[in-house]
Amino acid sequence: MGVSGCGKSTLGAQLAQRLGAAFVEGDRFHPRANVEKMRAGHPLEDADRLPWLDALGQAAAAAARSTASDVAVVACSALKRLYRTRLQAAAGLPVRWICLVGDRALLERRLAARAGHFMPASLLASQLAAFEAPESGEEAIVLDVAAAPEALVQRAAAWCGAN
């Protein structure tokens with residue numbers, strides 16, 4: 001979980017491979033209206049996100065059932081506790097959160113270098129404003145994305161109980 005440009009998809013795909021888990025890219029489950037809204041530079045509201053979270057949670061559960069490990073790694077923003085609660089309820093599974101955080105300047109550089117994504121760099125400010133760090137009661141680890149991707153994968157895998 002984390003704001004745009006923090007490396008959710010990169011870490012998620014590598015972590016899934018390390019864990020022998022399914023990988024689910026959350027962006028693929030946004031309805032067309034959400035994608036067009038973001039592409040136009042407008043931040044999503046809670047009402048836009050809730051159906052997306054429901055669909056994503058159901059896809060995560062199906063993906064987990066499809067693997068021998070019964071585990072899925074999902075890359076999605078999950079910026080607010082409300083979203084994380086909704087996603088977990090839709091999945092009907094226990095969820096462990098890997099929260100990726102980074103310096104705003106680093107995130108801006110990453111977004112500026114990214115091509116072909118519907119999420120414009122101009123929406124980073126709205127995501128940072130909406131972001132709620134994991135609270136007590138949420139099983140979460142916070143990782144700084146200034147670290148090398150392999151180091152992040154190693155820490156995440158260890159936290160998930162893999163070697």
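From the list ARG65, ARG96, ARG109, the lone residue that is modelled with pLDDT under 90 and surrounded by fewer than 17 Cβ atoms within 10 Å (Cβ to Cβ) is ARG109. Annotation: VAL3 fulfils all but one of (1) in contact (Cβ under 8 Å) with a residue 24 or more places away in the chain; (2) in contact with a strand residue (DSSP E or B) (Cβ under 9 Å, 6 or more places away or on another chain); (3) surrounded by fewer than 16 Cβ atoms within 10 Å (Cβ to Cβ); (4) closer than 23 Å to ALA157 by Cβ; the unmet one is (3).
On the given criteria, is ALA59 in a helix (DSSP H, G or I), in contact with a helix residue (DSSP H, G or I) (Cβ under 8 Å, 6 or more places away or on another chain) and surrounded by fewer than 16 Cβ atoms within 10 Å (Cβ to Cβ)? No. If you go through the range 136-152 and keep only what is in a helix (DSSP H, G or I) and either touching a Ser or Thr at 6+ places or on another chain (Cβ under 8 Å) or under 19 Å from ALA78 (Cβ atoms) (or both), you end up with PRO149, LEU152.
Does ALA78 fit the bill of being in contact (Cβ under 8 Å) with a residue 60 or more places away in the chain and buried (at least 20 other Cβ atoms within 10 Å of the Cβ)? Steps first, answer last, please.
On the way: in contact (Cβ under 8 Å) with a residue 60 or more places away in the chain: yes; buried (at least 20 other Cβ atoms within 10 Å of the Cβ): yes.
When the stated conditions are applied, ALA78 passes them.
Which of the residues spanning the range 139-154 are surrounded by 16 or more Cβ atoms within 10 Å (Cβ to Cβ) and in contact with a strand residue (DSSP E or B) (Cβ under 6 Å, 6 or more places away or on another chain)?
Applying the first criterion (surrounded by 16 or more Cβ atoms within 10 Å (Cβ to Cβ)) to the range 139-154 yields 140, 143, 145, 152-154.
If the condition is that a residue be surrounded by 16 or more Cβ atoms within 10 Å (Cβ to Cβ) and in contact with a strand residue (DSSP E or B) (Cβ under 6 Å, 6 or more places away or on another chain), then ALA140, LEU143, VAL145, LEU152 are the ones that fit.
The values are calculated or read from the model by the stated rules, or taken from the named source; none is laboratory data. Note that the structure is a prediction, hence the values are computed from the model and not measured. Heads up, the Cβs are rebuilt from the backbone with ideal geometry, glycines too, and the neighbour counts pull from every protein chain shown.
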